[in-house]
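Asks: Just dropping this structure here.
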Amino acid sequence: MKRDGVATGETRGGQTKAAILRAARERFAAQGYERTTIRGVAADAGIDPSMVMRYFGNKEGLFDAALAVDLRLPDLAAVPAGELAQALVRHFVERWEGDPADDALLVLLRSAVTHEAAAARMREVFAAQVAPALGPDRGERVAGLVATQLLGLALTRYLLRLPPMAGLSPEEVIAAVSPGVAAVL
């Protein structure tokens, strides 16, 4: 809300919180949980560290908030079976091509290797979002197999930036990875 052309505390507070979350995602993505500090996040957001504590309580609270993951999966029920794999791969590639440093799923993937709470959150995300989106006839086993393909793609292209994967165009990635996903569907 604005009063006389000036943002109110609620709007400024929302902007500050968003800046903190963006800085936290970038730090967690680049450094992982262990090496990320409240002071570093605050410096990146251009605020005092006490503001991070005000909004999130502690590093664990900040981590939890930064890792709120909504895969924003499209309605896959309307996708013809022969196009499902490509639709899934395209969805994730387009998402990660935008701003991978700010993508909570990539932050979660990087952190899940060394932080048990992140690993548990990753399991929750795929059980609660991917498995249901694939439909009741496919189940968690298929969702797990799809996850191996998609998370492997995320790891090699967006986190490790392996030259063979990083050098492909998004369309080449979609064309190359879709058959693997189709095989497990």
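Asks: Find the relative contact order for the range 31-136 and round it to a whole percent, using C-alpha pairs within less than 8 Å whose residues are 6+ positions apart.
Replies: 27
Asks: Looking at the chain, do any whole DSSP H helices span at least 27 angstrom along their long axis by alpha carbon and average -1.0 or above on Kyte-Doolittle, and which?
Replies: Those that pass (Cα extent of 27 Å or more, hydropathy at least -1.0) are 9-35.
Asks: Once both labels are modelled 7 Å past Cα along the beta-carbon direction, what's the R161-T114 spacing in nm?
Replies: A separation of 1.8 nm, rounded to one decimal place.
Asks: What whole-number distance in Å separates the alpha-carbon centres of the range 50-86 and the range 132-185?
Replies: 17
Asks: Counting only helical runs of four or more DSSP H residues, what would the 222 nm mean residue ellipticity of the chain come to if each run contributes -39,500 (n - 2.57) and the total is spread over all its residues?
Replies: -20000 deg cm²/dmol
Asks: How much solvent-accessible surface does T114 expose, in Å² to the nearest 10, with a 1.4 Å probe and all protein chains in place?
Replies: Spelled out: T114, probe radius 1.4 Å, area about 100 Å².
Asks: Over the range 14-84, what per residue volume does the convex hull of the Cα atoms give, in whole Å³?
Replies: Dividing the Cα hull volume of the range 14-84 by its residue count gives 120 Å³.
Asks: Counting only trypsin sites (Lys or Arg not before Pro) that are in a DSSP loop and have at most 15 other C-beta atoms within 10 Å, tell me the longest site-free stretch of the chain.
Replies: 73-160
Asks: Excluding ligands, DNA and RNA, what is the solvent-accessible area per residue of the range 120-185 at a probe of 1.4 Å, expressed in Å²?
Replies: The answer is 52 Å² per residue.
Asks: What is the percent carbon and sulfur in the accessible area of the range 1-150, measuring with a 1.4 Å probe over the protein chains and ignoring ligands?
Replies: The nonpolar share, carbon plus sulfur, comes to 51 percent.
Asks: Dividing the Cα radius of gyration by the Kirkwood radius, what Rg/Rh value follows for the chain?
Replies: On the Cα set of the chain, Rg over Rh gives 1.03.
Asks: Sticking with this one: With r as the distance between the Cβ atoms of K59 and T148 and R0 = 22 Å, compute the FRET efficiency 1/(1 + (r/R0)^6) and round to 0.05.
Replies: 0.15
The values are calculated or read from the model by the stated rules, or taken from the named source; none is laboratory data. Only a predicted model underlies this, so the values are computations on that prediction, with no experimental measurement involved. Cβ atoms come from the backbone with ideal geometry, glycine included; neighbour counts cover every protein chain shown. The area values use the complete protein model at the heavy-atom level, side chains included, leaving out ligands, DNA and RNA. Shrake-Rupley method; radii C 1.70, N 1.55, O 1.52, S 1.80 Å.
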